[in-house]
Amino acid sequence: MELGSTLSAVRSTRVLIGDRLCPAVVTMRGGKIHEILPESNCSVTAHTEVLDVGDSVVMPGVVDCHVHVNEPGRTSWEGFWTATRAAAAGGVTTIVDMPLNSVPPTTTLDHFHEKLQEATGKCFVDTAFWGGVIPGNQPELRPMIHAGVAGFKCFLIHSGVEEFPHVTDSDLHAAMKQLQGTGSVLLFHAELDVEPKPEETADPRQYSTFLQSRPDVMEMEAIRTVTDLCLQYQVRCHIVHLSSAKPLTLIQRARQAGAPLTVETTHHYLSLSAEDIPAGATHFKCCPPIRGAENRV
């Protein structure tokens with residue numbers, strides 16, 4: 001359908017209005033929703049191009065801000081062509097691509113331009129990009145902001161790929177100084193290595209062995225670092241995929257003290273528990289790990 005100044009419309013017997021599905025016509029002008037007209041009050045003009053989708057649900061699209069597209073470099077894992085087609089098929093109309101797993105990672109302005117070039121002509125939904133914070137790339141952050149990255153992501157522990165090393169305290173202080181006053185946001189994979197590490201003598205097939213290797217204290221200490229930095233520099237910070245309930249009090253106190261801090265969790269941490277994961281079920285493996293049932297109370 002045309003996205004210019006002319007009026008176009010989508011008709012369905014099931015348009016989501018508030019918390020109800022009802023017959024309606026959604027009119028659009030200039031690529032934006034102009035009006036939602038209940039079918040009983042519909043007054044679409046004869047010159048309006050109308051797409052009738054029958055009983056298909058018309059609803060707001062989902063925004064998925066944590067997507068690893070992996071292109072360029074690891075397109076065999078996923079690429080823009082497949083990732084965005086899958087998103088569109090599932091009702092996701094915007095994705096934000098994570099900076100790691102592609103080669104090169106999105107950690108410099110040149111790498112960002114390379115990512116944009118790779119994505120050109122392959123995206124079926126709106127696509128934005130996170131930049132990355134790694135040791136030594138602090139001078140790249142402001143140029144990447146000006147070029148349009150949505151914000152930045154860093155790891156406080158090994159990321160799992162050599163191209164995206166984790167940051168130290170000194171790296172974080174340098175990055176925070178660059179981000180002050182920009183309005184940008186820094187996302188944290190909030191796990192921090194702690195000592196002493198538990199002995200790895202248990203059965204590696206048991207999920208409990210993996211869980212013991214990444215205890216709650218790793219998240220607690222990482223989030224303590226994040227909250228201190230957030231309060232000191234007043235830079236927007238965001239903790240991705242919180243798995244442990246134990247840092248919640250620390251997070252609440254930091255926010256009450258004025259930290260511009262936000263936190264997300266995921267469905268699997270809310271709906272699954274470690275006790276129910278069978279031996280050898282590697283498809284449940286994620287970091288931070290799925291914790292025990294008491295964690296959800």
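The values are calculated or read from the model by the stated rules, or taken from the named source; none is laboratory data. Everything numeric here is computed off the predicted structure, so don't read it as measured data. Every residue, glycine as well, gets a Cβ built from its backbone with ideal geometry; the counts of neighbours run over all protein chains shown.
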Of (1) in contact with a helix residue (DSSP H, G or I) (Cβ under 6 Å, 6 or more places away or on another chain); (2) assigned to a strand (DSSP E or B), Phe112 fails just (2)
Only one of Trp77, Trp130 is aromatic (Phe, Trp, Tyr) and touching a residue at least 40 places away in the same chain (Cβ under 8 Å), namely Trp130
Review point. Could we say that Thr182 is hydroxyl-bearing (Ser, Thr, Tyr), in a loop (DSSP other than H, G, I, E, B), within 22 Å of the chain's Cα centre (by Cα) and on the phi < 0 side of the Ramachandran plot here?
Key: yes
Among (1) over 23 Å from the mean Cα position of the chain (by Cα); (2) assigned to a loop (DSSP other than H, G, I, E, B); (3) not β-branched (Val, Ile, Thr), Ser159 falls short only on (1)
(1) in contact (Cβ under 8 Å) with a residue 40 or more places away in the chain; (2) crowded, with 23+ Cβ neighbours inside 10 Å; (3) over 26 Å from Thr265 (Cα atoms) all hold for Leu156 apart from (3)
Reported set for the range 159-188 where residues are surrounded by 14 or more Cβ atoms within 10 Å (Cβ to Cβ), closer than 19 Å to Pro104 by Cβ, without any contact (Cβ under 8 Å) to a residue 60 or more places away in the chain and not aliphatic (A, V, I, L, M) is Ser159, Pro165, His166, Asp171
Picking from Glu71, Glu35, the residue that is farther than 19 Å from Cys154 by Cα and either without any contact (Cβ under 8 Å) to a residue 24 or more places away in the chain or out of contact with any Leu (no Cβ under 6 Å at 6 or more places or on another chain) (or both) would be Glu35
Wholly inside the range 15-106, strands (runs of 3 or more DSSP E) that include 3 or more residues that are outside the structural domain of His267 (by TED's automatic domain parsing) and buried (at least 18 other Cβ atoms within 10 Å of the Cβ) are 20-29
query = Does Ser184 qualify as being at pLDDT below 95 and among the hydroxyl-bearing types (Ser, Thr, Tyr)?
reply = no
Subset of the range 225-258, residues under 19 Å from the mean Cα position of the chain (by Cα) and more than 22 Å from Gln180 (Cβ to Cβ), comes to His241, Leu242, Ser243, Ser244
Being under 29 Å from His173 (Cβ atoms), β-branched (Val, Ile, Thr) and at pLDDT below 95 is the requirement here; does Val297 meet it? no
Exactly one of Val185, Val217 is of a type in the set (Val, Ile, Thr) and touching a Phe, Trp or Tyr at 6+ places or on another chain (Cβ under 9 Å), and that residue is Val185
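Listed here are the residues, each with its yes/no results for (1) modelled with pLDDT under 95; (2) out of contact with any strand residue (DSSP E or B) (no Cβ under 8 Å at 6 or more places or on another chain).
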site: Gly54; (1), (2): yes, no
site: Val57; (1), (2): yes, no
site: Gly61; (1), (2): yes, no
site: Val69; (1), (2): no, no
site: Thr75; (1), (2): yes, yes
site: Gly79; (1), (2): no, yes
site: Ala83; (1), (2): no, no
site: Ala89; (1), (2): yes, yes
site: Ile95; (1), (2): no, no
